[in-house]
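The next block holds one structure in the form of structure tokens; read it before the comments.
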Amino acid sequence: MKKLATNARLLQNIVSRRGFLGNVASGLAGIGLAQLISGELRAAETEWRSGQGMTHYEPKAKRVLQIFCPGAASHMDLWEHKPALDKFDGKPLPGEEGVLSFQGKNGPLMRSPWPFKPAGESGKMFSTLLPHMAEHVDDIAFIHSMTSKTNTHGPGCVFMNTGEDTEGFPSAGSWMSYALGTANENLPAFVAIPDIRGEPPNGKATWSNGYLPAQHQAIVLSNQRSIRNLQVPEGISVQEEIATREFLQTLNERHRLANPGNSELQARIAAYELAARMQLSAPEVSNLAAESESSHRFYGTDDSNKLKAAYARNCLLARRLLERGVRYVSLYCASRASGVDGLLNWDAHKTLKTDYERHCPIFDQPTAALLSDLKQRGMLEDTLVIWTTEFGRMPTRQEGTTGRDHNPDGFTCWMMGAGIRAGVSYGATDEFGRRALINPTTVWDFYATVLHLLGFDHERLTYYHNGLDRRLTSVHGDRIQEILA
């Protein structure tokens, strides 16, 4: 009996070892599967927590107004004074004589056609092209050392809005929608307001949700383009409309519960529900007739310049959206390129003076009025305003023209409002404006700063996609401490 018991124990050990070895392959497969699933579980947890207004730390800003000027607005003609261009006008750019840029060979250095004068209490040298904007220099933090990784408009606009130079990535506004959700359930978290002249280069990719759930893409709204299909069709009573919505909501909820992991389905349901609520809210927010006559004059909505009047109405619409809880508003001034350079946007290749004397009056008064209005209403205390463009211009004239070619190596963007140190200039290009020389700054640094002001650590605000924890700042970025209050 003792011998049988010993043999039984030996047999049990053999079976266990054989069982262990036999299950090694499936065990390793299980470990691998667990690793794959863990990412999805993290993503699900992040998505569940997102959109609830939760932040990593106390935010300075609750909302963002982005003003975007497509076409690469010239930094040395608008924002950054370069006296060396006056001194060496007509001379070769030292070390880069006849340099080839986007459209070919460049000629000599070209001074700005417009003088710069001291503005504000700070005495910052500012272009006389923008007399209304000059009134705000003491509230703005200029970043004169921005750089881009592309010199092409489409990828440049996408890069400035998403942190990547290819399409398919979420815009900054979509990240804000994902992170914070809406502050008004009857309005979207993210609204894009395109110019009356058309969409910017690469169009909707600049406000796309990318790989984020579809509910985080921008709703496109402007004064000249109302949201379609908001009116109840004729012949349907209010009671029928309400009963239909309630029945549809019951079906949607039943379908959602049966498909808990389908984020696209949930996003689609949320979008339809928002659309129903916007039937009441959107007409009210876009009703500019409710504004006083003095407000319309202040913004310039009745200006004889039809393009300026249209942009002014969009500026007024932007303020109404922000004060009603929209988290992120992208306001565009100009559109994509046309067959004539500089006609529809800031892309002044051939005739800089003519082009900018067309664009600056459209931009100047309405934008300055919007900033003043936000300030007078106390909204700049918790609203961050950012001005962006895709890259800058060359300090030289294009050969055979009086315009400037593309320059991704140095340009200006700026911020003002919540959490921003007012009246400062950070970084600088070289004496001619050719390259960022002091404190070169990237798009990723820019948005790391934006996220910081909204209460987020840019390295921790992520979304799991295709095996990676993705973020707005890619794998780069440091906040610009010097412009923070």
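The values are calculated or read from the model by the stated rules, or taken from the named source; none is laboratory data. All of these numbers come straight from a predicted model, not from anything done at the bench. Backbone-built Cβ (ideal geometry, glycine too); neighbour counts: all protein chains shown.
With the condition kept exactly as written, say whether any residue in the stretch 145-154 is in a loop (DSSP other than H, G, I, E, B) and touching a Leu at 6+ places or on another chain (Cβ under 6 Å). It would help to see each step written out before you state the result.
Taking the stretch 145-154 and keeping what is in a loop (DSSP other than H, G, I, E, B), we get 147-152.
Filter once more, so that each one left must be touching a Leu at 6+ places or on another chain (Cβ under 6 Å): none.
No - not one qualifying residue is present in the stretch 145-154.
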Hits in the stretch 372-408 - residues which are among the small types (Gly, Ala, Ser) and over 30 Å from Leu100 (Cβ atoms): Ser372, Gly378
Hey, can you tell me all the residues within the stretch 394-419 that are of a type in the set (Asp, Glu) and either crowded, with 24+ Cβ neighbours inside 10 Å or free of Cβ contacts under 8 Å to residues at least 40 places away in the same chain (or both)? Asp405
For Leu33, are the conditions met, namely being in a helix (DSSP H, G or I), at pLDDT below 50 and either among the hydrophobic types (A, V, I, L, M, F, W, C) or more than 32 Å from the chain's Cα centre (by Cα) (or both)? yes
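So that you can scan it fast, the table gives a plain yes or no per residue for (1) at positive phi; (2) free of Cβ contacts under 8 Å to residues at least 12 places away in the same chain; (3) basic (Lys, Arg):
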| position | (1), (2), (3) |
| --- | --- |
| Ile438 | no, no, no |
| Trp444 | no, no, no |
| Ala448 | no, no, no |
| Leu453 | no, no, no |
| Phe456 | no, no, no |
| Arg470 | no, no, yes |
| Gln481 | no, yes, no |
So, in the stretch 176-203, how many residues would count as being over 28 Å from Met54 (Cα atoms) and not polar (S, T, N, Q)? 9
I need a count of the residues in the stretch 332-349 that are closer than 30 Å to Leu454 by Cβ, at pLDDT 95 or above and either not assigned by TED's automatic domain parsing to the domain that holds Thr412 or not in a strand (DSSP E or B) (or both). 5
Flag if Arg336 is within 22 Å of the chain's Cα centre (by Cα) and at negative phi: yes
Inspect all residues belonging to the stretch 183-195 and state whether any of them is among the aliphatic types (A, V, I, L, M), in contact with a helix residue (DSSP H, G or I) (Cβ under 6 Å, 6 or more places away or on another chain) and part of a helix (DSSP H, G or I). no
Given (1) touching a Gly at 6+ places or on another chain (Cβ under 9 Å); (2) under 22 Å from Asn345 (Cβ atoms), number of the condition Leu221 does not satisfy: (1)
Among residues belonging to the stretch 85-114 that are of a type in the set (Gly, Ala, Ser) and surrounded by 16 or more Cβ atoms within 10 Å (Cβ to Cβ), point out the one that is nearest to Arg358 (Cα to Cα). Ser112
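A quick yes/no check of all residues on (1) in a loop (DSSP other than H, G, I, E, B); (2) at pLDDT 65 or above:
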site	(1), (2)
Arg228	yes, no
Ile236	yes, yes
Thr250	no, yes
Leu257	no, yes
Glu264	no, no
Ala267	no, no
Ala270	no, yes
Out of the residues in the stretch 122-141 meeting the condition of being among the hydrophobic types (A, V, I, L, M, F, W, C) and farther than 18 Å from Phe363 by Cα, tell me which one is surrounded by the fewest Cβ atoms within 10 Å (Cβ to Cβ). Met125
Go through the stretch 454-469 and give me each residue that's outside any loop (DSSP other than H, G, I, E, B) and buried (at least 20 other Cβ atoms within 10 Å of the Cβ). Tyr463
Among (1) assigned to a helix (DSSP H, G or I); (2) under 14 Å from the mean Cα position of the chain (by Cα); (3) farther than 20 Å from Ser474 by Cα; (4) in contact (Cβ under 8 Å) with a residue 24 or more places away in the chain, there is one condition Glu135 misses while meeting the rest; what is its number? (2)
Residue in the stretch 350-386 that is surrounded by the fewest Cβ atoms within 10 Å (Cβ to Cβ), counting only those that are in contact with a helix residue (DSSP H, G or I) (Cβ under 9 Å, 6 or more places away or on another chain) and not in a helix (DSSP H, G or I): Arg377
